[in-house]
Every structure is written in C-alpha cells, then in structure tokens.
Amino acid sequence: MSRRRYCKPELLAPAGDLLRCKTAILYGADAVYLGGRKYSLRSRASNFTEADIREACAFAEEHGASIHVTVNEIPHEEDFDGLEAYLKFLEEAGVRAIIAASPSIMVLSKQVAPKLEVHCSTQLSITNSEAAQQMIEMTGCDRVVLARECTMEDVKKITSAVSRPVEAFIHGGMCVNYSGRCTLSNRMTLRDANRGGCAQSCRWHYDVLENNRLLNSEETLFTMGSRDMMAMPVLEELIQAGVASLKIEGRMKTEYYVASVVSAYRHLIDELCDREEPLSESRLAYHRKEAEAAENRMTWSGNYPGIGGESSIIYRAHTDADVNHAFLGTVISCTDGVLELETRNPIDINDRIEVLEPGKENRSFTLEWMCDSEGNEIEKSRIPMRIIRMKVPFEVASGALLRKDLK
Ligand code: SF4
C-alpha cells in the first residue's frame with residue numbers, strides 16, 4: 001500500500017459570488033472564503049447576500065467542503081451596528097469560520113457565536129511566532145493567517161512554535177506595501193483600503209519628478225504594483241513546514257481564474273502528498289503552466305525565498321498585450337457532439353481548444369465547425385457574451401470551460 005509523503009493541507013480558494021464559490025469547490029477547493037455585504041474588505045467584489053451564504057454552506061456541505069466568511073474590515077465605532085446579529089447568523093447558517101482583522105471582532109465572535117472558528121486575518125501582519133502566540137492568547141483565535149511578507153524561515157519558526165494551525169498565501173495579487181498597512185488609496189481617492197475600498201493606486205501610472213525635472217518619459221511610465229504571487233516553486237517546503245491551509249487570493253477574479261488556479265494547485269498538492277516518489281521538474285513545470293494560464297500579470301514566489309526587492313515590482317505600464325485572452329467561454333449544453341457556448345474571447349476555425357471539467361484531465365480538439373445562434377456557419381467569433389454552437393469530438397458537461405490550448 002502506498003504511503004502519504006506529507007499530511008495534506010487544506011486548499012482555500014476565493015469567491016466573489018455563488019457561481020465562483022461552486023466552481024472553486026467543484027475544481028477541488030477544500031474550503032472557500034467569501035465576503036458578506038457588510039464588514040468585509042473587497043466591497044467592490046459582488047458580495048454575498050445572507051441567502052447566498054446559506055446556499056454556499058449547503059453546497060459546501062454536500063461536497064465535503066467548508067465556507068469561511070471575511071469580517072475583516074478595520075472597524076470604526078459605527079461599524080459595530082448589527083455585527084452581533086450578523087455573527088449569530090453566520091454561525092446558524094453553517095459557516096465554519098470568520099476571518100477577522102480586529103481583535104475586538106474576534107473576541108465578540110467568541111462570545112456571541114462560539115461555534116464559529118475565528119481566523120486571524122493577514123491584515124494583522126503576523127510575521128513572527130511571538131506575535132502569533134500573543135494573538136492566540138489575547139483573542140482565542142483558532143487559526144493564524146500569516147502576513148504575505150513572511151519569509152520561509154519565518155513560516156518554519158511560526159508553525160513549529162505556535163499552538164494553533166497556520167494559514168499562508170500561495171497565489172494571487174500582493175500589496176506593494178505591507179498588506180493592510182497602506183493608505184495610498186485613502187489619500188488619493190478617499191476610498192478606505194481597510195474598509196473595502198482600495199482603488200489599487202499603487203498600480204496607477206505616475207510621472208516621477210526631481211526638482212521639477214521629469215525623470216520618466218511617455219514610454220517609461222512609472223508604476224509601483226507588485227508582481228502576483230505564484231508559490232508553486234516553494235509549495236513543497238510550505239507543506240513540509242506544516243502549514244495547515246494554503247490560500248489563493250482573488251475574490252474579484254473570474255470564474256475561469258478560480259477554476260484554472262484551484263485545479264492546478266489541487267493536482268499539485270495531491271501529487272506532492274499522495275505519491276511516494278518526489279515530484280519531477282517536468283510535472284512542476286506542467287502545473288505551473290496550468291496555474292499561469294489565467295494570469296494577467298508577471299509572477300514571483302512571493303517573499304518566501306527572501307524579502308522581495310526591485311525585481312518584485314512591475315515597473316512598466318499594463319498594456320493590452322498583458323491581458324489574458326485564453327478563456328473562450330462557458331459550455332451551456334452539449335448534445336450529440338454539438339455544444340452551445342457563451343463566448344468571452346475571440347475564437348477562430350482551426351483553433352486548438354482545451355476543455356476544463358472538474359475532476360477530469362483536460363481534453364483538446366481542433367475546431368472544425370461553428371455557427372451563430374441562428375444556425376449560420378461562421379469562421380470567427382469576435383463578440384463576447386454571445387451564444388454560438390460548435391462541433392466537438394466528445395461529450396462535454398454543462399458548465400465546463402473552454403480555453404485556447406496552451407500546448
Ligand atoms: S494601493 Fe496597492 S499597496 Fe495599497 S492597499 Fe491597495 S493594492 Fe495594496
């Protein structure tokens with residue numbers, strides 16, 4: 001009988017709405033975190049109503065997964081109105097945990113909704129074991145989410161020293177400042193980054209002046225945005241260190257992004273933990289390519305190999321060439337080798353197309369025939385959110401996603 005190499009950590013995925021929540025679970029997430037309409041960062045994400053939260057919990061339970069809810073704003077006095085009732089609602093709806101950034105909310109939750117786990121948010125910038133243990137003792141929290149600014153050495157020391165499970169980010173957007181310690185957006189747009197309103201001012205284009213002398217040109221616009229994290233190269237080390245939960249960032253991301261990234265990490269984690277033999281370089285490269293298939297930005301391994309310097313910043317403008325056009329659409333139905341698709345990006349006859357379906361290896365085909373919704377044969381599709389039909393050499397499940405073949 002084969003032996004597991006490592007204890008398998010939880011894979012925790014983001015969701016901005018019910019569709020993305022279900023997608024994350026179907027593509028392999030053990031748990032999903034989401035935000036309600038109040039008390040949560042990312043207020044621009046299409047946050048969940050109470051009915052949505054109930055449905056998410058029911059769907060998660062049916063599939064052996066769990067739901068975590070962000071209650072992670074930095075609250076001012078008026079923000080406590082209705083909070084107690086909301087925490088009781090989350091407990092009663094079957095939410096497993098809240099992710100909180102304020103010790104006052106953590107303590108309140110323990111008092112009024114004791115069945116809810118409390119996870120200490122990354123917003124608290126936990127970068128050492130002493131801070132983690134103090135937070136556990138002060139608030140009674142059940143899990144510590146590490147700051148994205150931790151190095152691998154920090155992670156190892158914290159996991160071996162603290163008395164509660166540790167969660168760490170493995171993928172997605174990063175702040176150029178310490179997460180949760182930035183007021184660029186507040187100052188420039190009056191949108192409070194710590195109450196859900198970050199305008200991502202670090203990614204804007206700036207002129208740089210020294211004594212009124214312009215240092216940049218039209219071609220060399222200055223921005224400060226960080227590369228996105230992609231921790232696959234150090235994933236095995238994080239698992240070896242005993243990290244209990246591996247977290248993907250991105251409640252604002254699309255269904256395609258969620259499916260691609262969750263699926264890639266699901267397969268990698270399973271291969272790392274379930275197989276006796278070490279993972280080969282070629283398998284790691286394969287999973288990496290899968291995870292990056294949905295990326296729009298340059299990536300790096302985060303601060304785990306060492307605090308990021310100049311190379312972790314994207315010092316140039318984001319152009320149309322950076323936009324990822326791989327996602328072709330969502331399958332509505334498939335009967336007798338003809339599928340109906342809701343389109344997203346341009347499709348041409350003779351394109352190699354890959355089909356992503358939960359729990360299955362990806363399959364590819366060459367597109368030989370398609371038509372518009374009136375049945376007129378077409379050579380190309382250019383308009384997003386249109387219904388088209390295409391011939392496929394195998395049956396495809398409703399809800400499957402199509403993308404340009406990466407190989
Ligand atoms: S402006 Fe940039 S660094 Fe600041 S909170 Fe927003 S994303 Fe993070």
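The values are calculated or read from the model by the stated rules, or taken from the named source; none is laboratory data. Quick caveat, the model's predicted, so the values are computed rather than measured. Using ideal geometry, Cβ is built from the backbone for each residue, glycine included, and neighbour counts are taken over all protein chains shown. Side chains are part of the model used for accessible areas, which takes the heavy atoms of the whole protein and leaves out ligands, DNA and RNA. Shrake-Rupley method; radii C 1.70, N 1.55, O 1.52, S 1.80 Å.
Mind checking whether some residue in the range 71-91 is outside the structural domain of G359 (by TED's automatic domain parsing), open to solvent by less than 60 Å² (accessible area, probe 1.4 Å) and within 14 Å of the chain's Cα centre (by Cα)? Scanning the range 71-91 turns up no residue that is outside the structural domain of G359 (by TED's automatic domain parsing), open to solvent by less than 60 Å² (accessible area, probe 1.4 Å) and within 14 Å of the chain's Cα centre (by Cα).
The residue that is most open to solvent (accessible area, probe 1.4 Å), among those in the range 348-367 that are within 22 Å of V262 (Cα to Cα) and part of a strand (DSSP E or B), is R363. When the range 221-231 is filtered for residues that are within 11 Å of G302 (Cβ to Cβ) and more than 16 Å from the ligand (Cβ to nearest atom), the ones remaining, listed by number, are M230, A231.
Given the structure, is G64 farther than 28 Å from S125 by Cα and modelled with pLDDT of 90 or more? Considered against the rule, which asks whether it is farther than 28 Å from S125 by Cα and modelled with pLDDT of 90 or more, G64 comes out as yes. For A317, state whether it is of a type outside the set (S, T, N, Q), touching a His at 6+ places or on another chain (Cβ under 7 Å) and closer than 30 Å to S226 by Cα. Here the answer is yes, as A317 does meet what is asked.
Looking at the structure I just gave you, is N345 open to solvent by less than 40 Å² (accessible area, probe 1.4 Å), among the polar types (S, T, N, Q) and in a loop (DSSP other than H, G, I, E, B)?
Answer is yes for this residue.
Total residues in the range 371-393 satisfying the condition of being within 25 Å of Y257 (Cβ to Cβ), open to solvent by less than 50 Å² (accessible area, probe 1.4 Å) and not hydroxyl-bearing (S, T, Y): the figure is 3. Based on what the data block shows, is T299 surrounded by fewer than 21 Cβ atoms within 10 Å (Cβ to Cβ) and out of contact with any Asp or Glu (no Cβ under 9 Å at 6 or more places or on another chain)? Spelling it out, it is not the case that T299 is surrounded by fewer than 21 Cβ atoms within 10 Å (Cβ to Cβ) and out of contact with any Asp or Glu (no Cβ under 9 Å at 6 or more places or on another chain).
Restricting to the range 19-50, count the residues that are out of contact with any Pro (no Cβ under 9 Å at 6 or more places or on another chain), among the hydrophobic types (A, V, I, L, M, F, W, C) and at pLDDT below 95. Summing the residues that are out of contact with any Pro (no Cβ under 9 Å at 6 or more places or on another chain), among the hydrophobic types (A, V, I, L, M, F, W, C) and at pLDDT below 95 in the range 19-50 gives 3. Could you check the range 368-386 and list, in sequence order, the residues that are part of a loop (DSSP other than H, G, I, E, B) and either under 28 Å from K22 (Cβ atoms) or basic (K, R) (or both)? Answer for the range 368-386, where residues must be part of a loop (DSSP other than H, G, I, E, B) and either under 28 Å from K22 (Cβ atoms) or basic (K, R) (or both): S373, R382, I383, P384, M385, R386.
Among the candidates L238, L279, L328, L246, single out the residue that is assigned to a helix (DSSP H, G or I) and among the hydrophobic types (A, V, I, L, M, F, W, C).
L238
Of the residues screened, K115 is not one that is in contact with a Gly (Cβ under 7 Å, 6 or more places away or on another chain) and over 30 Å from P233 (Cβ atoms).
Condition check ((1) farther than 24 Å from F365 by Cα; (2) open to solvent by 50 Å² or more (accessible area, probe 1.4 Å)) across all residues:
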| residue | (1), (2) |
| --- | --- |
| L272 | yes, no |
| E276 | yes, yes |
| L284 | yes, no |
| E292 | no, yes |
| N303 | yes, no |
| G308 | yes, no |
| S311 | yes, yes |
| T319 | yes, yes |
| A326 | no, no |
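Among the numbered conditions (1) more than 16 Å from the ligand (Cβ to nearest atom); (2) not assigned by TED's automatic domain parsing to the domain that holds H119, the only one that A241 does not meet is (2).
Which of the residues that make up the range 249-266 are part of a helix (DSSP H, G or I) and touching a residue at least 60 places away in the same chain (Cβ under 8 Å)? Scanning the range 249-266 gives E255, Y256, V258, A259, S260, V261, V262, S263, Y265, R266. Take the conditions (1) in contact with a Cys (Cβ under 6 Å, 6 or more places away or on another chain); (2) among the basic types (K, R); (3) open to solvent by less than 40 Å² (accessible area, probe 1.4 Å); R403 misses just one of them, which is (1). Here is the figure for the range 210-231: residues that are open to solvent by less than 30 Å² (accessible area, probe 1.4 Å) and touching a Cys at 6+ places or on another chain (Cβ under 7 Å) total 2.
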